Amino acid sequence: MTGRRAHTPPLYAPNGARLDPTDLELLRRLQTNARIQNQTLAREVGLSPSGCLQRVRRLEEGGVIRGYIAIAEESVFASWSVLWIKVKLRGRAQKRRAEFEAALRDAPEVMEAHEVAGRFDYFLKAALPSVAAWSALRARLDPDDVFIKSVDVMAGVRTAKRKSPHPLLASGELK
């Protein structure tokens, strides 16, 4: 199809509210600079300051914006190892995922945990004082050896790309 844009289905907030192009533009700009002043943000998206603030609050209350964070430069933690860990659960552990996920949430070293489809069940990002510290973390995640069947542990070497906004927000193709 030349000359026609691909149809993008409407996007919805967790509360079911439809996000319009202005909401998406607000999200895009806030993901680029969460500390932008409301007046500047309002001017950039063509809203009044009060209308802009009202929309941002609606996005927060609707669960679209879950929070604001400061992203620390990872090189200051260079003495620690970043590990990427693929975890395969035992067959009988499948029914007890909630317990395993609670252990993941309770482990501060686990920075991210994603349930995935494929040969493994979870993909983790963990920061540990050394690669050898993985065995102690594994023992805390699965003290009775009932959850984890196998793992594939990879040590991070360097970051080739930092986290970026969702492609629908980064592309500028919001309409």
Log entry, pairs with first residue in region 47-73 being at positive phi, second being not in a helix (DSSP H, G or I), beta carbons closer than 7 Å, six or more apart or on different chains, reads Gly63/Ala13; Gly63/Pro14; Gly63/Asn15
Looking only at region 108-143, how many residues end up being crowded, with 16+ Cβ neighbours inside 10 Å and in contact (Cβ under 8 Å) with a residue 24 or more places away in the chain? 15
So for region 98-105 (the condition being among the acidic types (Asp, Glu), outside the structural domain of Arg28 (by TED's automatic domain parsing), modelled with pLDDT under 95 and not in a helix (DSSP H, G or I)), does at least one residue qualify? no
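Test Gly67 against the criterion of being modelled with pLDDT under 95, crowded, with 16+ Cβ neighbours inside 10 Å and more than 30 Å from Ser150 (Cβ to Cβ), and give yes or no. Walk me through it before giving the result.
Numbers: modelled with pLDDT under 95: yes; crowded, with 16+ Cβ neighbours inside 10 Å: no; more than 30 Å from Ser150 (Cβ to Cβ): yes.
Criteria not met by Gly67.
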Pick from region 119-136, criterion in contact with a strand residue (DSSP E or B) (Cβ under 8 Å, 6 or more places away or on another chain) and part of a helix (DSSP H, G or I), ranking: modelled with the lowest pLDDT: Val131
Condition check: among the aliphatic types (A, V, I, L, M), assigned by TED's automatic domain parsing to the domain that holds Lys149 and without any contact (Cβ under 8 Å) to a residue 24 or more places away in the chain. Does Ala78 satisfy that? yes
Check region 81-88 and report whether any residue there is in a helix (DSSP H, G or I) and in contact with a helix residue (DSSP H, G or I) (Cβ under 9 Å, 6 or more places away or on another chain). no
Would you be able to say whether some residue in region 137-149 is under 30 Å from Leu19 (Cα atoms) and either modelled with pLDDT of 95 or more or of a type in the set (D, E, K, R) (or both)? no
Within the group Leu53, Leu19, which residue is surrounded by 14 or more Cβ atoms within 10 Å (Cβ to Cβ) and in contact with a helix residue (DSSP H, G or I) (Cβ under 7 Å, 6 or more places away or on another chain)? Leu53
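Taking the options Leu83, Leu89, Leu169, name whichever one is surrounded by 16 or more Cβ atoms within 10 Å (Cβ to Cβ), touching a Gly at 6+ places or on another chain (Cβ under 9 Å) and not hydroxyl-bearing (Ser, Thr, Tyr).
Numbers: Leu89 fails: touching a Gly at 6+ places or on another chain (Cβ under 9 Å); Leu169 fails: touching a Gly at 6+ places or on another chain (Cβ under 9 Å).
Sole residue among the options that is surrounded by 16 or more Cβ atoms within 10 Å (Cβ to Cβ), touching a Gly at 6+ places or on another chain (Cβ under 9 Å) and not hydroxyl-bearing (Ser, Thr, Tyr): Leu83.
The values are calculated or read from the model by the stated rules, or taken from the named source; none is laboratory data. In this text, all values refer to a predicted model and were calculated from it rather than measured experimentally. Glycine gets a Cβ as well: all are built from the backbone with ideal geometry, and neighbour counts include every protein chain shown.
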